[in-house]
Amino acid sequence: MTSTDAAGAAEGADGPASTAGGTATIALIAAEAGVSVPTVSKVLNGRTDVAAVTRARVEEVIDRYQYRRRRGRTSTGPGLIDLVFHELDSAWATQIIKGVEEVAGPARVGVVLSELGGAHRPRQEWLDDVLARRPRGVILVLSDLDPAQRRQLETRSIPFVVVDTAGEQPPGVPVVGSANWAGGLAATRHLLGLGHRRVAVISGPVDVLCSRARIDGYRSALDEAGIATDPALIRYGDFFVNGGYRHGLELLSRPDRPTAIFAGSDFQALGVMRAARELGLRVPEDVSIVGFDDLPVTEWLGPALTTVHQPLHEMAATATRLVLALARGETPTNQRIDLATELVVRESTAPPPVAV
């Protein structure tokens, strides 16, 4: 081993690593980038004391050589999973955390929580912290990475899995989700089966894949029933109570108001319920409401909420098993997993009133 290679190993860069063309050392990367071996090691380890221009130059060489850090872990180091949410303030997130802990706890793996403040893509500062921690893997919930960020995790051999993806992922990115289209179809079919013909939908943000999938299921149910889609009855909310309340007030204040509303989340269904109460409407006598997620609180509402069960706990547990398998160097047979959804009928839906 040369002195520069030894310096790299001392900095924790793992020395030689596999590349598409053979073996590259951090000494070779340093020479190509015109920097020292410790500087390359700092970039690999997410250190912030490297100039942005220098970091970009080193990352370019790392990417060009398709450098991949060895996956080996020290037996004394803590095992960690980074779990990152686009937003953390909800019972929905709690179900995800419980599912991750169910698998991570027995495996003696700690969980580091991060929140993106509503954004669907993390900042570089978050990624630098992850690179410095060197976790066994990363689980991204309703968020994703840009190509450069994906490459940075890949070059450090840090696997990642996306749960309930915000957008379409490129080939090779492991994703765990639920059958959102089927859930939207089942919810709308249920309302149509009760006799409703003016059915509105309030989904999540338009730029989120699961939101669009639920609306596609809604459209499909209307199409198969021979009912024309009314664009005025399709709304994109935010998955939270305020979004359901705001759109609920607008929809239920219309002279041709809908007799039923499919809310793309249980929280939005709660907002619609409040809007209905404020307008003097009864649920389900005057308006039927269906949610999505089947959070524990929904069966304790008055009336108990009809909703689509989304297996959040199982989705999170599956993602955790998948990321730990990838960290062990295994290649799972299926990296795109959609778990089944199921309609849960309770008290918030009924046939429409005779006249509206």
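The values are calculated or read from the model by the stated rules, or taken from the named source; none is laboratory data. What you are looking at is a predicted structure, and each value in this text was computed from that prediction instead of being measured. So basically every Cβ, Gly included, is an ideal-geometry build from the backbone, and we count neighbours across all protein chains shown. The area values use the complete protein model at the heavy-atom level, side chains included, leaving out ligands, DNA and RNA. Shrake-Rupley method; radii C 1.70, N 1.55, O 1.52, S 1.80 Å.
Evaluate segment 249-261: report whether one residue or more is closer than 18 Å to Arg346 by Cβ and either surrounded by 24 or more Cβ atoms within 10 Å (Cβ to Cβ) or of a type in the set (Gly, Ala, Ser) (or both).
yes
Which of the residues spanning segment 214-236 are surrounded by fewer than 20 Cβ atoms within 10 Å (Cβ to Cβ) and under 20 Å from the mean Cα position of the chain (by Cα)?
Passing the criteria: Asp216, Tyr236.
Consider segment 95-124. How many of its residues are without any contact (Cβ under 8 Å) to a residue 60 or more places away in the chain and out of contact with any Phe, Trp or Tyr (no Cβ under 8 Å at 6 or more places or on another chain)?
Going through segment 95-124, the residues without any contact (Cβ under 8 Å) to a residue 60 or more places away in the chain turn out to be 101, 105-106, 108, 110-119, 121-124.
Within this subset, residues satisfying the condition of being out of contact with any Phe, Trp or Tyr (no Cβ under 8 Å at 6 or more places or on another chain) are 101, 105-106, 108, 110-112, 117-119, 121-124.
Residues flagged as without any contact (Cβ under 8 Å) to a residue 60 or more places away in the chain and out of contact with any Phe, Trp or Tyr (no Cβ under 8 Å at 6 or more places or on another chain) within segment 95-124 amount to 14.
So Ala148 clears everything in (1) buried (at least 23 other Cβ atoms within 10 Å of the Cβ); (2) more than 20 Å from Gln335 (Cβ to Cβ); (3) of a type in the set (A, V, I, L, M, F, W, C) except one condition, right? Which one?
Against the list (1) buried (at least 23 other Cβ atoms within 10 Å of the Cβ); (2) more than 20 Å from Gln335 (Cβ to Cβ); (3) of a type in the set (A, V, I, L, M, F, W, C), Ala148 comes up short only on (1).
The conditions are (1) open to solvent by less than 10 Å² (accessible area, probe 1.4 Å); (2) at pLDDT 95 or above; (3) in contact with a strand residue (DSSP E or B) (Cβ under 8 Å, 6 or more places away or on another chain), and Gly204 fails exactly one of them. Which is it?
Answer for Gly204: the failing condition is (2).
So Ala56 fits all but one of (1) modelled with pLDDT of 70 or more; (2) buried (at least 21 other Cβ atoms within 10 Å of the Cβ); (3) among the aliphatic types (A, V, I, L, M); (4) within 18 Å of Arg151 (Cβ to Cβ); what number is the exception?
Ala56 satisfies every listed condition except (2).
Against the conditions (1) of a type in the set (Asp, Glu); (2) more than 23 Å from Gln169 (Cβ to Cβ); (3) assigned to a loop (DSSP other than H, G, I, E, B), where does Glu102 fall short? Just the number, please.
Failing condition for Glu102: (3).
Sort through Glu101, Glu87 and tell me the only one that's modelled with pLDDT of 85 or more and of a type in the set (D, E, K, R). Talk me through it step by step, then tell me what you get.
Working: Glu87 fails: modelled with pLDDT of 85 or more.
Checking each option against the conditions leaves just Glu101.
Could you tell me which of the residues Phe239, Phe267 is among the aromatic types (Phe, Trp, Tyr), open to solvent by less than 50 Å² (accessible area, probe 1.4 Å), in contact (Cβ under 8 Å) with a residue 24 or more places away in the chain and part of a loop (DSSP other than H, G, I, E, B)? Show your work before the answer.
Details: Phe267 fails: part of a loop (DSSP other than H, G, I, E, B).
Every option except Phe239 fails the conditions.
Check Leu209 against each of (1) without any contact (Cβ under 8 Å) to a residue 60 or more places away in the chain; (2) out of contact with any Ser or Thr (no Cβ under 9 Å at 6 or more places or on another chain); (3) open to solvent by 20 Å² or more (accessible area, probe 1.4 Å); (4) closer than 27 Å to Thr165 by Cα and name the one condition it does not meet.
(2)
Among the residues of segment 120-140, is there at least one that is modelled with pLDDT under 85 and either over 26 Å from Gln169 (Cα atoms) or touching a His at 6+ places or on another chain (Cβ under 8 Å) (or both)?
Yes, that holds for at least one residue.
Which of (1) touching a His at 6+ places or on another chain (Cβ under 9 Å); (2) under 30 Å from Ile81 (Cα atoms) does Glu314 not meet, given it meets every other one?
Here Glu314 meets the rest and fails (1).
So Gly99 fits all but one of (1) open to solvent by less than 40 Å² (accessible area, probe 1.4 Å); (2) under 22 Å from Glu314 (Cβ atoms); (3) out of contact with any helix residue (DSSP H, G or I) (no Cβ under 6 Å at 6 or more places or on another chain); what number is the exception?
Exception for Gly99: condition (3).
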